[in-house]
Amino acid sequence: MSGASSLRLESYLFTEEAMRAAREHLKPGGAFSMYNYYRESWLVDRLASTMQNAFGHKPCVDVVSTAGQQAVITAGLTPDAQRCGPEWAGAAAGTPAPTGDDRPFLYLKDSTIPSLYIITLGLILIVSLLAVRVVAGPFARMRPYADLFLLGVGFLLLETKSVTGFALLFGTTWVVNAIVFAGVLVAVLAAVEVTRRFRTPPLPVMYGVLFAGLVLAWLVPNTWLLGLPVPVRVVAAVTVAFLPIFAANVVFAKRFSESADATTSFGANLLGAMVGGCLEYLALVVGYKGLLIVAAVLYLGAFALLPRRAVA
């Protein structure tokens, strides 16, 4: 997988938020410096621009070797706290904007999905279409279950948002990822059991809870969560991440229980999940927070396509 979009802890070390955090830790007269073989001149300019935005003045940029773009980028707490050789001329035309925690793809120069990804995702969708067609039957039979298709798309987007959110809050270790996936599965199981054992509100009400959860996830900033003690952060992050997932699964469980053809309706939902897994790469363009808007539009479409008998 290309390093242009792979998410790891390193991705968050070169964002503007990270540079501001480094500045806040400096004592009077202190300076922050980083060096590496950056390979591309635009990458050096991008990081220098990030540091300029965070520190409020131009940093010192010393290109040690143009072979591999070995460079040292240094910024003092104030301009007086740094001494440069030749002044940095500023970012060249076409230099991409600094990265942020919402879109931490340092090595992705353009806000596009790389063609290799598009080809791979296209192949995945073709295989998914063929597999679902063989098992669930003709696609024309899935037309009454278009809302279940959109529910599947939205669910995978929410799952992706949860994984990346927890990566920023707790690190990108396999333990964190395992906890997130386990949490998603527990939320799904809980929604099924609650729907089976208790009388749940009508679907319009549950859609309202779902949209409220999406609004909450949009409004709660990661910077606020990061400032909480770890135990409190866990509770808050789980509530923000899994409330819309739980509500979405209650909606699915209630709607699926009313479907006349379980195989076809589940096939539509599964196909939607595969599409949602591919759409998560929209984060390369709109950022991870933007996925919440995409999910909200999908769930709004699912509600609009809900059969009238299910609304009552």
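The values are calculated or read from the model by the stated rules, or taken from the named source; none is laboratory data. Nothing here was measured: the structure is a model prediction, and the numbers come from that model. Virtual Cβ from ideal backbone geometry, glycine too; neighbours counted across all protein chains shown. Note: areas computed on protein heavy atoms with side chains; ligands, DNA, RNA excluded. Shrake-Rupley method; radii C 1.70, N 1.55, O 1.52, S 1.80 Å.
Here the gap between Val63 and Leu219, fully extended at 0.36 nm per residue and compared with their Cα-Cα distance, gives a gain of 52.1 nm. Computed extension length for Leu129-Ala146: 4.6 nm, one decimal, from 0.36 nm per residue of separation with the Cα-Cα distance subtracted. Shown are Thr173, Thr160, whose ranking by accessible area with a 1.4 Å probe and every protein chain present, most to least, is Thr173, Thr160.
Semi-axis lengths, largest first, of the ellipsoid equivalent to segment 15-94 are 20, 13, 11 Å, with √(5λ) applied to each eigenvalue of the Cα gyration tensor.
Per-residue SASA remark: Arg141, around 120 Å² accessible (1.4 Å probe; ligands, DNA and RNA not included).
Taking every alpha-carbon pair within the chain, the share separated by more than 25 Å comes to 57 percent.
Apolar share of the accessible surface for segment 126-209: 75 percent from carbon plus sulfur atoms, 1.4 Å probe. Scalar couplings 3J(HN,Hα) for segment 34-48, obtained by applying the Karplus form with A = 6.51, B = -1.76, C = 1.60 to θ = phi - 60°, are 9, 8, 5, 8, 8, 6, 10, 5, 5, 6, 4, 5, 5, 5, 5 Hz; x denotes Gly and Pro. Computed per residue of the chain from DSSP H runs no shorter than four, each worth -39500 (n - 2.57), the mean residue ellipticity at 222 nm is -19500 deg cm²/dmol. Residues in the chain average 51 Å² of solvent-accessible surface per residue, probe 1.4 Å, ligands and nucleic acids excluded. Set the Förster radius R0 to 30 Å, insert the Cβ-Cβ distance between Ile179 and Val72 as r into 1/(1 + (r/R0)^6), and round the FRET efficiency to 0.05. The value I calculate is 0.20.
What ranking of His25, His57 comes out by heavy-atom accessible area, probe 1.4 Å, highest first?
Accessible-area ranking of His25, His57, largest first: His25, His57.
Phi-derived couplings, Karplus 6.51 cos²θ - 1.76 cosθ + 1.60 at θ = phi - 60°, listed residue by residue for segment 234-249: 4, 4, 5, 5, 5, 5, 5, 6, 9, 4, x, 5, 4, 4, 5, 6 Hz, with x used for Gly and Pro. In summary, the lysines within cross-link reach of Lys254, defined as a Cα separation below 30 angstrom excluding same-chain residues under 8 places away, comprise Lys161, Lys289. Between Ala97 and Val192, the FRET efficiency estimated from the beta carbon spacing at R0 = 45 angstrom works out to 0.55. Taking 4.7 Å between beta carbons as the limit, the unpaired Cys residues of the chain are Cys278.
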